[in-house]
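Presented below is the structure to which this report refers.
We did not get these values from a lab; they are worked out from the coordinates using the rules stated. Computed from a prediction, not measured in an experiment: that's the story for all the values here. Positions of Cβ are backbone-derived with ideal geometry, glycine not excepted, and every protein chain shown enters the neighbour counts.
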Amino acid sequence: MRPPPGGRTRRRGLSLGVLALCVAAARCLQSQGVSLYIPQPAINATVEEDILLSVDYSCHGIPTIEWKYTSSWGVQKIVEWKPGTQANISQSHKDRVCTFDNGSIQLFSVGVRDSGSYIVTVTERLGSSRFGTIVLHVSEILYEDLHFVAVFLAFLVAVAALLISLMWVCNKCAYKFQRKRRHKLKESTTEEIELQDVEC
């Protein structure tokens, strides 16, 4: 016995309805998630520079943003805040950190000790979160080496100037000596000619 043709249509319609409901639920869950973008995951800096650790996020509602610093000495919390509220900055980074509503932070006057990985975590109110990492490398300018090079170059310039001056003085003395010698030679030649004339 065949089932009535309307039964198949109803089942198909029910299946399509369940499928559409699943797709809508998945999209709704995706839209509630957090997305995080880090434009510059590695930064090279020199001592005393101000560095911007730039990120950007998108989510529904106001998230909690947290930054941590990891190095060979361990993990250290830097700051935690919700955009639009007062930031909770750790004692180690007081007066050295500025926060922005897009999740970025700025570090003032970095030193070699600030080299390491900086982990940002953006957590939504419903519990979903994303994290990203920025690696910072701070190198020291060796002013002593530059000072030594500058002094050495100045010394070389002074020696070169002294040698050029000595060569100029020697050249002048040689020229004067040759001039006197020519003059004496000329005088002695004139005296010989005069003597010859007298003898004749």
In whole Å, what are the Cα extents of the stretch 33-140 along the three principal axes, biggest one first? 43, 25, 23
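Based on the Cβ-Cβ distance from Asp95 to Ala42, what FRET efficiency comes out when R0 is 25 Å, to the nearest 0.05? Spell out each step's value before the answer.
Details: r = 26 Å, r/R0 = 1.05.
With R0 = 25 Å, the Cβ-Cβ based efficiency is 0.45.
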How far is it, in nm, from the label point at Gln76 to the one at Asp50 when both lie 7 Å from their Cα along the line to the Cβ? 2.1
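Could you give the length gained on full extension between Ala154 and Ile141, defined as 0.36 nm per residue of separation minus the Cα-Cα distance, in nm?
Details: separation 13, 0.36 × 13 = 4.68 nm, distance 2.08 nm.
Length gained, Ala154 through Ile141: 2.6 nm.
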Could you give log10 I(q)/I(0) at q = 0.13, 0.22 Å⁻¹ for the stretch 108-166, computed by the Debye formula over C-alpha point scatterers of equal weight, without solvent? -0.63, -0.91
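Wrap a convex hull around the Cα atoms of the stretch 143-182, take a quarter of its surface area, and give that in square nanometres.
Values: hull surface 8.3 nm².
Mean orientational projected area (the stretch 143-182, Cα hull): 2.1 nm².
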